[in-house]
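These notes concern the structure reproduced below.
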Amino acid sequence: MGFTKLLSSVNLLRVNPGRILRYCSRPSSNECGAISSDDDKKDLQDSSNEGSKSGLVLGVYEEKDKFELTPAAEEINQKSGGKICRYLNELSSELKLGKAFVVTDVVPEFGPVAISCLGKKDPGYNKLEELDETNENVRVMAGAGVRALSGRGCARVAVDAARRHTPPRRARTWPPGGECLQYGARVAVDAARRPHAAAEGAHLAAWRFEEFKSPGDKHQEVQLSLHGSEGKEAWDTGTVYGQAQNWARYLSDMPANKMTPVDFAQAALDTLCPLGVSVTVREREWLEAQRMRGVLGVAAASCEQPLLLECAWRGAAHAPVLLAADGITYDSGGLCLRSSHKLRGSRGASGAAVVLAAIKTLALLKVPVHVHAVIPLCEQLVSGRCLKPGDVLPALNGLNMQVEDTDLESQLLLADALVYGQTMYKPSLVIDVACLTQGIPPATGGGAVAVLGNSAHAWDALVEAGARTGDRPWRLPLWDYYRRQVVDDPAVDLRNKGSGTATICKGAAFLRHFVCGEWLHVDTSGVSRGGAVYLRRERASGRPARTLAAFLQAAAGSERDTPRESRD
């Protein structure tokens, strides 16, 4: 990859006049657990009375006017003398995909049993939906069942992964042809991934943010496990994916006074260092020495010091994938102040949280891939020192950026992060994860992650990863039409708003001036809250952490299978 033209005016200092808060790269420890928190509707008093009970989630297929039991449900049905079938007759008009009903007198070894619908049997890959519906239905079934049982105060819940007695006659692949050229590998849609999907849905549904509830008011944690022994390895992998996304939800849901830039950096140090991830935190003096004017300008009005967080997972020796993210722990919009309604939800660096969760997943699973993350952390507030519309900031590569809208500050942060990361680490692929604008939610309603970029190979692989995880990407255009709208002022090189109304496309066109080589922009503005039925409404979602982790894991497999001479 050539950097001469893009970064010809970069002059990064090789000294560090500021202090580094902490640096660490300690040996990894096995943290693949199966404990998740929590519960749904019952209060703690009910939970404490029933908290010693074990529950079981069983799946049933819906086939036109009848139901079909999974093998595990059929086994329990026979043990109970046909009680499951009798209950299904009573629930036939109400049991649909995403719903679960709890019965309490099925078998002695389990207390409550949740009968949860799986929808149609083995729907496979839906090309129109770009979704592996078989495994997404398993997530929905597991999530609905776990939430229903946790509401009954169950302390331990076993989940039926809807496995089949025999494998399918023929492995089905998606997309047609099954090959994802450079980054992806052939993936079969069959029963092998169902325990993985069940673990994801169960842990995502059980998690609840209760950090600031009194101890006596908190819901009881739920211990989740796989029903049966087959598929345990896939279940454990899915547990890692689900719990990592829950960590991203925690980071994003914390209030701004409890998750400042320093707190965010400390959370990364405390969680990732024991897993073998190298973490470096750099302070304001270092940012000033490197002349990162974009980061310093956005952070100028806040009393909280800006930081640059770098995380590296070196699972392989090849050129890294560079992950950049905006780490704005609170965003008031600056002088272009947001409305009071939007200010209440302006906390949480969701892009940074997604990147850290993906790195945590890779480290726990010891994926052989080299990933380096560069994340500017700061707050944007209002004071006499804040950015003003019309201000001009120099970027690291020498381009002058005009600030037309102070609420479009993510571009300014990412401009410095992208140039610095590429200069220092010479990546093979660049992915930035950020909320650039609020133009996506009206378009997708939270149904898809907006993606723009210049790499067809990386896009195909991301589509495949999204189909597997259920967090689907949606590609928007990155045409020269939008580039012209951010460079059409003869007085400056770039405008952070530009002309026209396509805010997300213009934002990506702005970032394109700071990238050379293959690149994807992943915009989380439409998926930062709620989403799938196994995620709680109006709470941080942590999306698309699993998709990003699955993409990088698939890239590691593809890199490992590629002959060395081809990579060179």
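The values are calculated or read from the model by the stated rules, or taken from the named source; none is laboratory data. Owing to the predicted nature of the structure, the values given are computational and were not obtained by experimental measurement. Using ideal geometry, Cβ is built from the backbone for each residue, glycine included, and neighbour counts are taken over all protein chains shown. Ligands, DNA and RNA are stripped out before the accessible areas are found, and what is left, the full protein with its side chains, is counted by its heavy atoms. Shrake-Rupley method; radii C 1.70, N 1.55, O 1.52, S 1.80 Å.
If the only charges are +1 at each Lys and Arg Cβ and -1 at each Asp and Glu Cβ, what is the size of the charge dipole of segment 271-319 around the Cα centre, to the nearest 20 debye?
My answer is approximately 160 debye.
Give, rounded to the nearest 20 debye, the magnitude of the charge dipole that segment 310-350 has about its Cα centre when Lys and Arg contribute +1 at Cβ and Asp and Glu contribute -1 at Cβ.
Roughly 220 debye, rounded to the nearest 20.
Could you work out, for segment 408-505, what percent of all Cα-Cα pairs fall into each 10 Å distance bin, beginning at 0 Å and stopping at the bin that holds the largest distance?
Computed distribution, short to long bins: 13, 39, 38, 9, 1.
When the dipole is taken about the Cα centre of segment 302-453, and only Lys, Arg (+1) and Asp, Glu (-1) are charged at their Cβ, what size is it in debye, to the nearest 20?
460 debye
Which one, CYS516, PRO442, ALA458, projects farthest toward the positive side of the charge dipole computed for segment 442-567 from Cβ point charges (K/R +1, D/E -1)?
Checking the options against the dipole of segment 442-567, the answer is PRO442.
How much length, in nm to one decimal, is gained on full extension between ASP480 and LYS232, taken as 0.36 nm per residue of separation minus their Cα-Cα distance?
Separation in residues times 0.36 nm, less the Cα-Cα distance, equals 84.3 nm.
Report the gain in length on full extension from LYS96 to LYS127: 0.36 nm times residue separation, minus Cα-Cα distance, nm rounded to one decimal.
8.9 nm is the gain from fully extending LYS96 to LYS127.
Give me the accessible area per residue for segment 247-368, probe 1.4 Å, as a whole number in Å².
Ligands and nucleic acids excluded, the result is 29 Å² per residue.
Quick check on my link table: of LYS83/LYS121; LYS342/LYS497; LYS53/LYS96; LYS388/LYS497, which ones sit more than 18 Å apart, alpha carbon to alpha carbon?
LYS83/LYS121; LYS342/LYS497; LYS53/LYS96
Which distance in nm do the two modelled labels at CYS85 and HIS341 give, with both placed 7 Å along the Cα-to-Cβ direction?
Once both label points are built, they end up 5.3 nm from each other.
Which one of SER383, SER428, ASN397 is farthest out on the positive end of the charge dipole of segment 360-455, using unit charges on Cβ (Lys, Arg +1; Asp, Glu -1) and the Cα centre as origin?
Positive-most Cα among the choices belongs to SER428.
Just name one of CYS273, GLY294, TRP247: the one whose Cα is farthest towards the positive end of the charge dipole of segment 235-296 (beta-carbon charges, Lys/Arg +1, Asp/Glu -1).
GLY294
Measuring with a 1.4 Å probe in the full set of protein chains, what accessible area per residue, in whole Å², belongs to segment 419-568?
Per-residue value: 37 Å².
Rolling a 1.4 Å sphere over the protein heavy atoms, what is the accessible area per residue of segment 90-143, to the nearest Å²?
That works out to 42 Å² per residue.
Let me make sure I get this right: for segment 260-411, a, b and c are the square roots of the gyration tensor eigenvalues over alpha carbons, sorted descending. Under 1.5 in a/c it's rounded, otherwise prolate if a/b > b/c, else oblate. Which is it?
prolate
Tell me, what % of the accessible area of segment 292-347 is carbon and sulfur with a 1.4 angstrom probe?
The nonpolar share, carbon plus sulfur, comes to 56 percent.
In what order, largest first, do TRP479, TRP286, TRP459 sit by accessible area if the probe radius is 1.4 Å?
Ranked list, largest accessible area first: TRP479, TRP459, TRP286.
How large a share of the accessible area of segment 416-491, in percent, is made up of carbon and sulfur atoms when the probe is 1.4 Å and the other protein chains stay in place?
About 55 percent, which is the carbon plus sulfur part of the accessible surface.
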